[in-house]
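Peer 1: Below: one structure in structure tokens.
Values quoted throughout were computed directly from the atomic coordinates according to the rules given, and no laboratory measurement underlies them. Nothing here was measured: the structure is a model prediction, and the numbers come from that model. Cβ atoms come from the backbone with ideal geometry, glycine included; neighbour counts cover every protein chain shown.
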Amino acid sequence: MQEKPKVTVNRTRRESAAKEFTFTQADIPASSNGLASFRASAWDSFNRHSLPVNTDEAWRRTDLRLLPAADFKLPKDGAFEDLPAVPEYLLQSLTGDQHGGQITLLPGGSQIQLDAELSKKGVVFTDFRTAEKDHADLLARLIGQIVKPDDGKFAALASALAQNGVLLYVPKNVQVDYPLHSVLWGPGSDLAHFSHLVVYVEDGASVTYVHEAASPDEVGHAMHAGVVEIYVGKDANLRFVELQSWGRHVWNFSHERARVERGGNLDWIFGAVGSRLTKNFSDLDLAGEGSVGRMSGFYFTDGTQHLDHDTQQNHLAPHTTSDLLFKGALKGRSRSVWQGMIYVAPGAQKTDGYQANRNLVLDDKARADSIPGLEILADDVRCTHGATVGKLEQEPLFYLKSRGIPQHEAERLVVEGFFDPIMQRIPFEGVRERFQQAIQDKLSA
């Protein structure tokens, strides 16, 4: 198996960046021995990394010079009751009438539910605080294996300081029939929220997991930094749905990576409608022969929002298949960035890789940057990519209006039609309804 080589660029000049964070080593959560060692190492990585600047290739189109890093503080004990409560609609099932389990991650703690039958089968679905008490060895063994703290400044920060986290472990050959659901609720101004998800699906197992990160719109600024680590074993199946609906004051950063072994299958669905600024790294490593990964992304920006998604489809073994489709719409003065890469390692013959990004620009001052890429080091492959940026087509609008449909309603129908290929990839009516409601809210703003 060939791993993609890392390239290090030494720079003699760095552009002016935001002030550094004021977190200290004392902010690291008290942990069991194994996890304490991991967090201490992550803290060292955080101190070695500088804040990204525009001369860093991955950050050329996302400027952090306005990030008020020095202002962010951790939520203080005893102050949680003053923060807005999680709304009921976030706790409703998006995947049917029943959950197999649900976790609500709050600034002051967590609420955990798991079906007793799943627990008897050895399924672990719990928050980090509980995992450190009841599954310390398992958590220490799995954490930091897929996403390394050295992957970046924010990956290191989240790895060191995350108190809110989820450990999902599905033992070998266990089939989880009902979806699992977690909600990360991060209210408050001038606060920093850190999260860490560890999802480990053993050989032959199967599970669906939906995770949503959200907060209300508030004055001032707030920040979230998160890590998502996914392992899909041999002949295992994972459907993972991520929804991002942070408030418009939130600076959001995440490092996410999935590793899929021989014959494994991952269906990874993204939805992003919130935050002031998002920078998301999502890597798919097809590490075993015959592994399959599908990545589907939905985003809708308005106002001055800035969403930057950086995706990697890494084919590291023969006969692997990846399929990526990201679609976004933009209003106001907002901006989206999608930069994607299909990488095929030497010897990864019979690779089938596809990526496409489609953007619909609804206002003249909105901007979409779309940068697909291929790096192929094998000679018997099929890899294709494409990207488009366009405006609302007048012909379907004219057709709808000529049949008595008002302008606003006609635009909504055309936009919904634009997103339909993404909706068709989503098997859950509740998730589709959430996206469709976001479309209506954005168009009505």
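Peer 1: With Cβ to Cβ distances under 11 Å as the rule, what net charge do the other residues near Pro187 carry (K, R +1; D, E -1)?
Peer 2: After counting each charged neighbour, the total is -3.
Peer 1: While we're looking at this one, here's another question. By average Cβ neighbour count within 10 Å, what is the ranking of 137-150, 251-264 from highest down?
Peer 2: By packing density, highest mean first, the sequence is 251-264, 137-150.
Peer 1: Please report how far the C-alpha centroid of the range 386-431 lies from that of the range 23-98, rounded to the nearest whole angstrom.
Peer 2: What the calculation gives is 36 Å, centre to centre.
Peer 1: Can you give me the three principal axis dimensions of the range 127-176 from its C-alpha atoms, in Å, biggest first?
Peer 2: Computed over the range 127-176, the largest-to-smallest principal extents equal 36, 22, 18 Å.
Peer 1: Give me the number: length gained by fully extending Asp134 to Glu416, i.e. 0.36 nm times residue separation minus the C-alpha to C-alpha distance, one decimal in nm.
Peer 2: 96.9 nm
Peer 1: Could you tell me what percent of the DSSP beta bridges with both partners in the chain are antiparallel, to the nearest 5?
Peer 2: The antiparallel proportion sits near 5 percent.
Peer 1: May I pose another question? With the contact rule set at Cα under 8 Å and sequence spacing of 6 or more, what percent relative contact order holds for the chain?
Peer 2: Contact order relative to length: 11 percent.
Peer 1: I would also like to ask the following. For the range 25-288, what relative contact order do you get, as a whole percent, if you take Cα pairs closer than 8 Å and at least 6 residues apart?
Peer 2: After rounding, I find 17 percent.
Peer 1: I'd like to compare 59-67, 157-165, 329-337: which one has the highest average count of other Cβ atoms within 10 Å, and what's the full order after that?
Peer 2: 157-165, 329-337, 59-67
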